[in-house]
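Everything below concerns the one structure shown next.
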Amino acid sequence: MSMSRNFNGSPDDIVPDYNSATVRPRSASSAYNSDPQQIWAKRAPLGSCFRALFLLLCYWFQLQPPSAMEAKHWFSVVLLTLLLVGLSINLLHDSNSSLRDLRGLNEKNPAAYISTSFQLIQSMIPSIWEGRSSDPEVAKQTGGRPIAPNLATCHKSLSDAGRPVFCCPPKRESEESVIDFKFPSPSTPKRIRRPAHLVDDDYLAKYQRGVTLMKQLDTSDPRNFMRQANIHCIFCTGAYTQVNSSHLLNIHRSWFFFPWHRLMIYFHERILGKLIGDDTFALPYWNWDNPPGMIIPHYYMNGSFVDKDRDHAHLPPQVADISFDYVESGLGPEEQIESNLHFMYHQMVSGAKKVELFMGCKRTAGEEGECDGPGTVEVAPHNALHTWVGSNLQPERENMGAFYSAARDPVFYAHHANIDRLWTVWRKLRGNVPEIVDPAWLDSYFYFHDENAQLVRIKIRDALDMDKLGYGYEDIDLPWLNARPKPSVPPKIAKAVLKLRELNQNGLQSPALFSPDFGPEGRILDSTIRAKVQRPKRYRSKKEKEEEEEVLVVYGIDIKRDMYVKFDVYVNVVDEKNTGPEGREFAGTFVNVRHGVTTVLNEGDSKMKMKSTLKLGISELLEDLEADEDESVWVTLLPRGGTGVNTTVDGIRIEYMR
Ligand SMILES: [Cu+2]
């Protein structure tokens, strides 16, 4: 489907320049490293083939001086040369032990040398072939085009009960004029976002007036509060199809999560500033990762900040449970705060050592580029807190607890300001290195209305520099930075207990232990699942561990109904029921928030149901549990609050991520 609309007065110049771009990923450090040469090299580390060729030819000439060689020998040499040169072009990776062995053999044992050479060449061919064609994961990593919404396609939605839900703008945005985003002038004062628990009354009066004015705008004005809220509904339910595709566009559970939400609240903030005539106005952030900020900020109980659809048991002074289990944690305020800090450490530090683990999976255009794999912070606190705030009396836990209605609660914007801030904190912790340099991400673009109600097109690459965007965050302590959890049971004792339990599998007392591949039907998460998972590598050096994070992959997560789903994952845990994020055995969590609505497809559209993948970085955890030289680990999946009944999991495995 193509877009027909005016863009700066000149038609047709929207789609071509962004969508015809050939994508040549070039990252060297990112987890999305998609350079085909590197991927193949990883699969078949061959070393310098030129060197092999040289050694091989030298030996050939040693055996048979050129003068004594017949024509067919020359022919073989030329053939061999061509073959090796061809391979070398694709495979310039220098560190191959086979080749080192080859050189050694050259001096000691000529016969073994020749046979090894040919084995090496033989071994190259199938592995290169496989690398190119048979592994869908590899094929996926090598391609991918940027994503963009087709504004002419907004779909209707229906609630679970079949009641229509209107998220689409009253008039198609494809009929509006569009301009490209321009950074604000560097001379305009920077907007500094402050923690919500520290803002003063004057500021609040201003902010409150902004929200009131926004709510008073007519719904024909895209800056109207409900229209703002509906942007989130549109992008979380897949209400737009993608440009040049009949596939729906979603921004959650992938690498679009952080930048898209940044942009959404960025324009929201500027609109508020415009309405109150203050170009320094900045949103507050709900500082739920810091003890004094771990309650819903008090002012959300007043005036236009009120939303009656919140869980009344969670209003101030209740301490937030940032890894909400759908049932009350039963922890006192002090214990809850401590648990939250350990959980933050896990989501921001030990579980987020590689880009994909934090940012989410690589989603690119079309059905073929689809993925479903959220990053640590998106899963929780983000998802968990959405649900924790939403009303337990509403069918879909509206407002905050369902994506379609979440942004109707003013606290949404402070929640997302903190999410956005944590992105910058994580970035800073890793030295402000660009996290993703893949054009499929950088050149993806979205549309928002700016403070003048003008539709603006903006690329992800323009959403990465806060200074240029003209806003920033007031610094605040990161009390979770040193909250590294400790094993809840001394590791040696834990391992002895687990071994004993395994031996007594048939005994009445012992919980069943499954093989980590749960079969094509998967396993229902209606009760605790335990599996013994093999570790492909042991005895890794410190350097190897730094370069390659060990990742526990819970794959094939199939959520059969639109429900809140939460399960926690533990490694080598003895008593999971009494171990939370404060225990080092806690390896992470999976949380699904309700969407709240079903999108009604336009004719000819395709909707793909995809299973989700949870990736958990466990290198540091394994060290702390003294398990990093073990050949296997015991993994426990613990469904929370009865939320796993409609969910199956296909299995668990361990991978390594660069
Ligand atoms: Cu969202």
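The values are calculated or read from the model by the stated rules, or taken from the named source; none is laboratory data. This is a predicted model, so every value here is computed, not measured. Glycine also receives a Cβ, built like all others from the backbone with ideal geometry; neighbour counts cover every protein chain displayed.
Take the residues of the range 403-413 that are more than 11 Å from the ligand (Cβ to nearest atom) and within 19 Å of ALA320 (Cβ to Cβ): which is surrounded by the most Cβ atoms within 10 Å (Cβ to Cβ)? Break it down stepwise before answering.
The initial filter retains those residues of the range 403-413 that are more than 11 Å from the ligand (Cβ to nearest atom), namely 405, 408-411, 413.
When the remaining residues are screened for being within 19 Å of ALA320 (Cβ to Cβ), the result is 409-411, 413.
On the way: ASP409: 26, PRO410: 23, VAL411: 23, TYR413: 22.
Looking at the filtered set, the residue picked out is ASP409.
Of the residues in the range 429-460, how many are surrounded by fewer than 16 Cβ atoms within 10 Å (Cβ to Cβ) and farther than 17 Å from ARG223 by Cβ?
Adding up the residues that qualify gives 6.
Among the candidates MET344, MET294, which residue alone is touching a residue at least 40 places away in the same chain (Cβ under 8 Å) and closer than 22 Å to PRO639 by Cα?
Being touching a residue at least 40 places away in the same chain (Cβ under 8 Å) and closer than 22 Å to PRO639 by Cα holds for just one of MET344, MET294, which is MET344.
Pairs needed: first member in the range 396-424, more than 16 Å from ASN592 (Cβ to Cβ); second member anywhere, surrounded by fewer than 24 Cβ atoms within 10 Å (Cβ to Cβ) and of a type in the set (Phe, Trp, Tyr); C-beta distance under 6 Å; at least 6 residues apart or different chains.
Qualifying pairs under 6 Å: PRO410/PHE305; VAL411/TYR300; ARG421/TYR473.
When you look at ALA417, is it over 22 Å from SER339 (Cα atoms), within 16 Å of the ligand (Cβ to nearest atom), at pLDDT 95 or above and surrounded by 22 or more Cβ atoms within 10 Å (Cβ to Cβ), yes or no?
Yes, satisfied.
Any idea which of PRO374, PRO381 is within 16 Å of the chain's Cα centre (by Cα), in a loop (DSSP other than H, G, I, E, B), buried (at least 24 other Cβ atoms within 10 Å of the Cβ) and within 15 Å of the ligand (Cβ to nearest atom)?
Exactly one of PRO374, PRO381 is within 16 Å of the chain's Cα centre (by Cα), in a loop (DSSP other than H, G, I, E, B), buried (at least 24 other Cβ atoms within 10 Å of the Cβ) and within 15 Å of the ligand (Cβ to nearest atom), namely PRO374.
Can you tell me which residue among ASP321, ASP307 is at pLDDT below 90, in a loop (DSSP other than H, G, I, E, B) and within 21 Å of TYR564 (Cβ to Cβ)?
Result: ASP307 is the single residue among ASP321, ASP307 that is at pLDDT below 90, in a loop (DSSP other than H, G, I, E, B) and within 21 Å of TYR564 (Cβ to Cβ).
Does PHE518 satisfy the criteria of being buried (at least 19 other Cβ atoms within 10 Å of the Cβ), closer than 21 Å to LEU272 by Cα and aromatic (Phe, Trp, Tyr)?
Spelling it out, it is not the case that PHE518 is buried (at least 19 other Cβ atoms within 10 Å of the Cβ), closer than 21 Å to LEU272 by Cα and aromatic (Phe, Trp, Tyr).
Identify, from the list ARG421, ARG457, the residue that is at negative phi and in a helix (DSSP H, G or I). Spell out the reasoning first.
Details: ARG457 fails: in a helix (DSSP H, G or I).
Being at negative phi and in a helix (DSSP H, G or I) holds for just one of ARG421, ARG457, which is ARG421.
Would you point out which residue out of VAL425, VAL456 is more than 24 Å from ASP279 (Cα to Cα) and either more than 16 Å from the ligand (Cβ to nearest atom) or in contact with a Phe, Trp or Tyr (Cβ under 6 Å, 6 or more places away or on another chain) (or both)?
Sole residue among the options that is more than 24 Å from ASP279 (Cα to Cα) and either more than 16 Å from the ligand (Cβ to nearest atom) or in contact with a Phe, Trp or Tyr (Cβ under 6 Å, 6 or more places away or on another chain) (or both): VAL425.
Given (1) out of contact with any helix residue (DSSP H, G or I) (no Cβ under 9 Å at 6 or more places or on another chain); (2) surrounded by fewer than 24 Cβ atoms within 10 Å (Cβ to Cβ), identify the lone condition not met by GLU368.
(1)
Does ALA483 qualify as being surrounded by 14 or more Cβ atoms within 10 Å (Cβ to Cβ) and within 30 Å of ARG172 (Cα to Cα)?
Taking the combined requirement at face value, the residue does not satisfy it.
Are there any strands (runs of 3 or more DSSP E) wholly within the range 517-626 with 3 or more residues that are within 20 Å of the chain's Cα centre (by Cα), and if so which?
By residue number, 549-559, 565-571, 586-592, 612-617.
Can you work out which of the residues in the range 260-296 that are in a helix (DSSP H, G or I), in contact with a helix residue (DSSP H, G or I) (Cβ under 7 Å, 6 or more places away or on another chain) and not hydrophobic (A, V, I, L, M, F, W, C) is nearest to the ligand (Cβ to nearest atom)?
Of everything passing the filter in the range 260-296, HIS261 is nearest to the ligand (Cβ to nearest atom).
Condition first: surrounded by 22 or more Cβ atoms within 10 Å (Cβ to Cβ), among the aliphatic types (A, V, I, L, M) and more than 16 Å from the ligand (Cβ to nearest atom). Now tell me which residues in the range 219-253 satisfy that.
If the condition is that a residue be surrounded by 22 or more Cβ atoms within 10 Å (Cβ to Cβ), among the aliphatic types (A, V, I, L, M) and more than 16 Å from the ligand (Cβ to nearest atom), then VAL243 is the only one that fits.
For the subset of the range 172-193 comprising residues that are without any contact (Cβ under 8 Å) to a residue 60 or more places away in the chain and under 16 Å from GLU451 (Cβ atoms), which member is surrounded by the fewest Cβ atoms within 10 Å (Cβ to Cβ)?
So, considering only residues that are without any contact (Cβ under 8 Å) to a residue 60 or more places away in the chain and under 16 Å from GLU451 (Cβ atoms), the one surrounded by the fewest Cβ atoms within 10 Å (Cβ to Cβ) is SER185.
Any idea which of (1) buried (at least 21 other Cβ atoms within 10 Å of the Cβ); (2) touching a Gly at 6+ places or on another chain (Cβ under 9 Å); (3) not hydrophobic (A, V, I, L, M, F, W, C) is the one THR424 doesn't satisfy?
Looking at each condition in turn, THR424 falls short on (1).
Taking TYR326 as meeting all but one of (1) part of a helix (DSSP H, G or I); (2) within 15 Å of ALA384 (Cα to Cα); (3) of a type outside the set (D, E, K, R), write down the number of the exception.
Tallying (1) part of a helix (DSSP H, G or I); (2) within 15 Å of ALA384 (Cα to Cα); (3) of a type outside the set (D, E, K, R), TYR326 fails exactly one: (1).
So, in the range 329-361, how many residues would count as being assigned to a loop (DSSP other than H, G, I, E, B) and more than 25 Å from LEU429 (Cα to Cα)?
Going through the range 329-361 one residue at a time, the tally reaches 4.
Could you please let me know if LYS206 is assigned to a helix (DSSP H, G or I), touching a helix residue (DSSP H, G or I) at 6+ places or on another chain (Cβ under 6 Å) and surrounded by fewer than 21 Cβ atoms within 10 Å (Cβ to Cβ)?
Judged against the criteria, LYS206 is not a match.
Might you let me know whether the range 441-451 holds any residue that is at positive phi and touching a helix residue (DSSP H, G or I) at 6+ places or on another chain (Cβ under 7 Å)?
No, because not a single residue in the range 441-451 is at positive phi and touching a helix residue (DSSP H, G or I) at 6+ places or on another chain (Cβ under 7 Å).
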